[in-house]
1. Quick check on this structure: which one of 274, 254 is touching a strand residue (DSSP E or B) at 6+ places or on another chain (Cβ under 7 Å) and exposed (fewer than 15 other Cβ atoms within 10 Å of the Cβ)?
2. Under the condition of being under 13 Å from residue 189 (Cβ atoms) and in contact with a helix residue (DSSP H, G or I) (Cβ under 7 Å, 6 or more places away or on another chain), which residue from the stretch 142-177 is surrounded by the fewest Cβ atoms within 10 Å (Cβ to Cβ)?
3. Scan the stretch 287-305 for residues that are assigned to a loop (DSSP other than H, G, I, E, B), farther than 24 Å from residue 256 by Cβ and more than 27 Å from the chain's Cα centre (by Cα) and jot them down.
4. Can you tell me which of 279, 300 is under 16 Å from residue 325 (Cα atoms), surrounded by fewer than 18 Cβ atoms within 10 Å (Cβ to Cβ) and touching a strand residue (DSSP E or B) at 6+ places or on another chain (Cβ under 6 Å)?
5. With the condition kept exactly as written, say whether any residue in the stretch 107-114 is in contact (Cβ under 8 Å) with a residue 12 or more places away in the chain and touching a helix residue (DSSP H, G or I) at 6+ places or on another chain (Cβ under 9 Å).
6. Any idea how many residues of the stretch 322-351 are at pLDDT 95 or above, closer than 22 Å to residue 260 by Cα and part of a loop (DSSP other than H, G, I, E, B)?
7. Of all the residues that make up the stretch 237-267, how many are touching a helix residue (DSSP H, G or I) at 6+ places or on another chain (Cβ under 7 Å), at pLDDT below 95 and in a strand (DSSP E or B)?
8. Which condition does residue 40 not pass, out of (1) touching a helix residue (DSSP H, G or I) at 6+ places or on another chain (Cβ under 8 Å); (2) within 16 Å of ligand 2 (Cβ to nearest atom), if it passes all the others?
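The values are calculated or read from the model by the stated rules, or taken from the named source; none is laboratory data. These numbers were taken from a predicted model, which means no experiment stands behind them. So basically every Cβ, Gly included, is an ideal-geometry build from the backbone, and we count neighbours across all protein chains shown.
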Ligand code: ADP
Ligand code: MG
């Protein structure tokens with residue numbers, strides 16, 4: 001059994017017509033960093049708050065380290081669950097200096113031990129010299145690290161972070177993704193991080209839990225999530241994709257679509273009549289002798305690549321053109337005819 005275990009967890013808020021979280025089953029291993037990823041309102045914060053003990057599920061069981069912390073009879077308060085929480089707005093006490101903020105959760109310790117631990121965790125988050133400052137004297141990224149230090153101070157088994165990067169601007173955000181993961185690894189804690197941003201999720205996670213409308217859609221490593229999205233929601237929410245209808249060929253290895261035959265990464269086990277196939281734009285490569293060809297309809301330059309819309313001769317006016325990514329060093333003009341191949345590794349059948 002995982003270190004954190006959620007079994008059939010459902011949360012129905014009073015007065016609401018549908019559950020915020022529905023029949024959620026999830027196991028998280030010790031030392032893992034897992035993110036809950038999904039659009040706003042899909043139940044990420046509610047799930048995190050139920051693990052922490054700030055919210056009681058309507059149904060279900062939550063275990064941490066083989067101990068039931070929540071079921072229909074038991075509901076341990078947050079401080080008895082061995083979890084440290086970092087809130088979205090950091091929730092630092094403005095009138096306390098950084099050291100005192102960090103010592104706040106250590107109330108039963110002797111003052112010498114408290115002080116020693118504060119120095120230790122501030123050192124861990126790279127703020128050893130900031131103990132006497134006040135929150136408003138620190139930058140957003142530094143406040144974020146103080147909040148993390150405060151959560152880590154009582155040696156929690158689990159750290160929970162709600163949208164830890166959302167208040168930071170782009171440059172700092174990238175640095176903090178890196179810093180937060182190295183701090184969590186160094187502290188050797190299990191972490192659950194909530195985010196609506198797939199870049200955050202991909203940068204920090206061992207595994208990603210994709211949620212929509214209170215329901216888990218897929219749990220995978222970042223790589224598998226991108227290569228093998230299970231359903232249309234995941235394929236479209238995580239990155240960009242071309243979704244085509246088709247029928248599986250007799251060989252169970254190809255799909256007939258309106259752009260032609262598309263090869264799958266592996267043989268399917270059984271025949272299916274109607275299927276949907278997701279083709280990642282990264283899997284489409286320009287090639288002179290390419291199997292597919294069409295006319296360039298639009299080029300969007302992103303800096304990292306060119307997003308090129310290609311209309312194939314077999315596509316009608318109402319079909320969405322194929323989107324392929326072309327390296328920025330290649331010159332592409334609207335109206336040009338291009339040929340491309342599709343790499344099967346980035347093709348997936350989706351529900
Ligand atoms: P997320 O963090 O993914 O944006 P939340 O977990 O905050 O989503 O919310 C999930 C759903 O539950 C939303 O529809 C939200 O409006 C609802 N919700 C959240 N908190 C409460 C509450 N205290 N009372 C009633 N409804 C709530
Ligand atoms: Mg939220």
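1. Details: 254 fails: exposed (fewer than 15 other Cβ atoms within 10 Å of the Cβ).
Exactly one of 274, 254 is touching a strand residue (DSSP E or B) at 6+ places or on another chain (Cβ under 7 Å) and exposed (fewer than 15 other Cβ atoms within 10 Å of the Cβ), namely 274.
2. At the first step, the residues of the stretch 142-177 found to be under 13 Å from residue 189 (Cβ atoms) are 148-149, 151-161.
Retained after the next criterion (residues that are in contact with a helix residue (DSSP H, G or I) (Cβ under 7 Å, 6 or more places away or on another chain)): 148-149, 152-154, 159-160.
Working: 148: 28, 149: 28, 152: 24, 153: 23, 154: 18, 159: 23, 160: 27.
The qualifying residue surrounded by the fewest Cβ atoms within 10 Å (Cβ to Cβ) is 154.
3. 288 - this is the single residue of the stretch 287-305 that is assigned to a loop (DSSP other than H, G, I, E, B), farther than 24 Å from residue 256 by Cβ and more than 27 Å from the chain's Cα centre (by Cα).
4. On the way: 279 fails: surrounded by fewer than 18 Cβ atoms within 10 Å (Cβ to Cβ).
Within the list 279, 300, the selection yields 300.
5. Step one: of the stretch 107-114, the residues in contact (Cβ under 8 Å) with a residue 12 or more places away in the chain are none.
Checked the stretch 107-114: no residue is in contact (Cβ under 8 Å) with a residue 12 or more places away in the chain and touching a helix residue (DSSP H, G or I) at 6+ places or on another chain (Cβ under 9 Å).
6. So the count comes out to 3.
7. 0
8. Every listed condition holds for residue 40 apart from (1).
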